[in-house]
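Notes follow once the structure below has been shown.
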Amino acid sequence: YDNAKKIFENVWIDNMGSGVIKMSGPWDAASKSVTLIGKMIDPSTLMEMDYKEILGAISGIIALGISLSYIYTIVRGKTKPHLYTYVIDVIVSSIVVAGALVSGAGAGAWNLLVSTPLVLVIVLLSIKYGTKDVTKSDAFFAIGACLAIIPWLLTKDPTLSVVLASSIYLLSMVPTIR
């Protein structure tokens, strides 16, 4: 933080493109975030481009709080998570967070980086504290979530896998609703 300018400043030295990115921006009280803006040379085109980074630490903190409070309700016996719903959730979240990181999501992926390991904890707790009413549709969605990775492996592009995994996740909520 630059006390004289009253803005946040950041310098990033890129180890892939060997460039230096200088960014600056103010704290936005309304969105509880810092948006840093700067210019960089795109290593693939060697052209100058605008660069924007939104620091998402707050979203990571919120994800941590929500996940921990949910885990607390499981252990206290107030919530009974459905095992397959959270198995699918951890598979899909892993695909989405990996796709986001590969695509350069940066701070936008922080909440997923925090919550995905905690969803794995929920899976483990579901074995002891969760519901055990597994149906054929539950197994179908779990297999579908695993297969959603195939387009990424075939095309080297995570986009279709993320869309498929997200769609499967939405459909997998059926066990939780019933």
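The values are calculated or read from the model by the stated rules, or taken from the named source; none is laboratory data. Bear in mind that the values here come from a model prediction, so they are computed numbers and not experimental data. For neighbour counting, all protein chains shown are included, and Cβ atoms are generated from backbone atoms with ideal geometry for every residue, glycine included. Just the protein is used for accessible areas: all its heavy atoms, side chains included, with ligands, DNA and RNA removed. Shrake-Rupley method; radii C 1.70, N 1.55, O 1.52, S 1.80 Å.
Just need the relative contact order of the chain here, percent rounded to a whole number, with Cα pairs under 8 Å and 6+ apart.
Value for the chain: 18 percent.
Note down the magnitude of the dipole of the chain about its Cα centre, charges +1 on Lys and Arg C-beta and -1 on Asp and Glu C-beta and zero elsewhere, to the nearest 20 debye. Mind showing how you got there, number by number?
Working: 14 positive and 12 negative charges, 167 e Å.
In total the dipole reaches around 800 debye.
Could you tell me what percent of the accessible area of the chain is made up of carbon and sulfur, with a 1.4 Å probe and every protein chain present?
69 percent
Nearest 10 degrees, 0 to 90: what angle lies between the long axis of helix 136-147 and the longest principal axis of the chain (Cα atoms)?
30 degrees
Report, to two decimal places, the Cα Rg of the chain normalised by 2.2 N^0.38 Å (N = number of residues).
Working: Rg = 20.0 Å, N = 178, 2.2 N^0.38 = 15.8 Å.
Dividing the Cα Rg of the chain by 2.2 N^0.38 Å gives 1.27.
In the chain, what % of DSSP beta bridges are antiparallel (nearest 5)? Present the calculation step by step, with values, prior to reporting the outcome.
Details: 19 of 20 bridges.
Given both bridge residues lie in the chain, the antiparallel proportion sits at roughly 95 percent.
Once amide H atoms are built 1.01 Å from N in the peptide plane, which residues 5 or more positions from ILE7, or in another chain, come under 5 Å H to H?
Hits under the 5 Å cutoff: ASP2.
Compute the long axis of helix 83-102 from its Cα atoms, compare it with the longest principal axis of the Cα atoms of the chain, and write down the angle in degrees, 0 to 90, nearest 10.
It works out to around 20 degrees.
I'd like the orientation of helix 57-75 relative to the chain: the angle between its Cα long axis and the longest Cα principal axis, in ° from 0 to 90, rounded to 10.
Once rounded, one gets 20 degrees.
Please give the peptides 39-49, 71-81, 134-144 ranked by average Cβ packing (other Cβ atoms within 10 Å per residue), highest first, as a rough proxy for protection. Numbers along the way, then the final one.
Working: 39-49: 10.8, 71-81: 13.5, 134-144: 15.1.
Descending packing order for the listed peptides: 134-144, 71-81, 39-49.
Name the long-range amide H neighbours of THR131: under 5 Å, sequence gap of 5 or more, or other chain; modelled H, no Pro or chain starts.
The list, which skips near neighbours in sequence, is HIS82, LEU83.
For a test of understanding, tell me how many lysine pairs in the chain have Cα atoms under 13 Å apart, given they are 8 or more places apart or on different chains.
Values: LYS22/LYS39; LYS22/LYS52; LYS39/LYS52; LYS80/LYS128; LYS80/LYS132.
Count of close lysine pairs: 5.
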